[in-house]
1. Separation between the residue B:125 and residue B:157 pseudo-spin-labels, each 7 Å from Cα along Cα→Cβ, expressed in nm?
2. Set the Förster radius R0 to 25 Å, insert the Cβ-Cβ distance between residue B:114 and residue B:28 as r into 1/(1 + (r/R0)^6), and round the FRET efficiency to 0.05.
3. Zone of residue B:80 (label point 7 Å along Cα→Cβ, backbone N under 17 Å): which residues in the range B:86-111?
4. Sort A:80, A:32, B:140 so that the residue with the fewest other Cβ atoms within 10 Å of its own Cβ comes first and the one with the most comes last.
5. Residue by residue, what Karplus-based ³J(HN,Hα) values in Hz, rounded to whole numbers, does the range A:46-56 have, using 6.51, -1.76 and 1.60 with θ = phi - 60° and x for Gly and Pro?
6. Separation of the range B:23-46 and the range A:1-24 by C-alpha centroid, Å?
7. Rank A:116, A:66, A:35 by mean-square fluctuation in a GNM of chain A with C-alpha springs under 10 angstrom and give only the top-ranked residue.
8. List the pairs from A:31/A:57; A:21/B:149; A:12/A:70; A:48/A:81; A:21/B:161 whose alpha-carbon separation is above 18 Å, in the order I gave them.
Amino acid sequence: MPDGKFDFSPEKLNIAGSDYKGVRTFGQQLKHIAAANYLIWSPITGEKAPANVNDGKGPDNMTTKADIVKYLKDSFSFGHKSVATLTESNLVQPISSSSGKPTTRLFLATFAPAHAFDHYGQLVEYLRMNGVVPPASRGQ
Amino acid sequence: MAQSASPAPTLKSVLLEQLRETHNQEQWFVPVKVAIEGLTVEQAAWKDATDNHSIAQLVNHLIFWNKQQLAKFNGEKPPAFSGDNKETFAGVDKASWEASVRQIDEVLTTWEKAIEAADDAKLAKWYSTIGRISTHNAYHTGQIIYIRKMKGNWDPEKGVK
């Protein structure tokens, strides 16, 4: 997605009959994925999620592609670091999620990618609305 | 009477929990069964003038790959496949859309039963593929909701406001 389209939301297309009022922009989708990554993965090590997860929205004042992509990549690096601490003995040991629900490290480790992929599906629609075929779908 | 504690989580229970959350148990995101509820064949088959897929094509693609992997998991010969992924995005008519709605539910239910019946050695060999099945289901379900929102036929009370 070009830098100038990170504030794109399908709401801006004013498609007749659509119901896109208030949906996230492209950049907000990515910030949400990143913030959710931190929230989902932080209980694996017990480390506190950074304050800028902002209830899963990510930093409100972060708007550039460079900053958002870095925030997203950093969140995945955090996940890799967390997952590296998994052992046979702690994998399915009962722990609490960030919201206090009973869970396991294995669930948290693997749930974040599923959550990210759900949003990836939405992002794919945003890309295609802008004439961009996602790299993974090219040539298929 | 004292309640018995929940059984300890296992690889099997985690794989099942994740698969069910992409199938019919709503947690953080809308599962595929809910995502396609109430669609008419016309709504399911709608597509724009480009190569972008209709909801029906996405559902048929999910059915195809879930069936392919399930057959392999069960040691059976999977349905024939030329190797061209485009062919997995099949379109529908009224009868076949109803069949697709039924089949996506059936194949995921069958997957869940197969995982329930599998032993640890089998799951140790297949956990990666099963995990990818869940993320793949979630990916295309995210697309489906946004296509429905485009056409104004999605109830935001079901999620994704």
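1. Computed distance between label sites residue B:125 and residue B:157 equals 4.8 nm.
2. 0.50
3. Backbone N within reach: B:86-90.
4. Working: A:80 9, A:32 21, B:140 24.
In order of increasing Cβ crowding within 10 Å: A:80, A:32, B:140.
5. Couplings: x, 6, 6, 5, x, 4, 7, 5, 6, 6, x Hz.
6. If you average the Cα positions of each part, the centres end up 22 Å apart.
7. In this elastic network of chain A, the residue with the biggest mean-square fluctuation among A:116, A:66, A:35 is A:66.
8. On the way: A:31/A:57 6 Å; A:21/B:149 10 Å; A:12/A:70 26 Å; A:48/A:81 14 Å; A:21/B:161 8 Å.
Exceeds cut-off: A:12/A:70.
All of the numbers you see were taken from the coordinates with simple rules; none came from a lab. Keep in mind that this is a model prediction, so the values were computed, not measured. With ideal geometry, Cβ positions are generated from the backbone for all residues, glycine too; neighbour counts draw on all protein chains shown.
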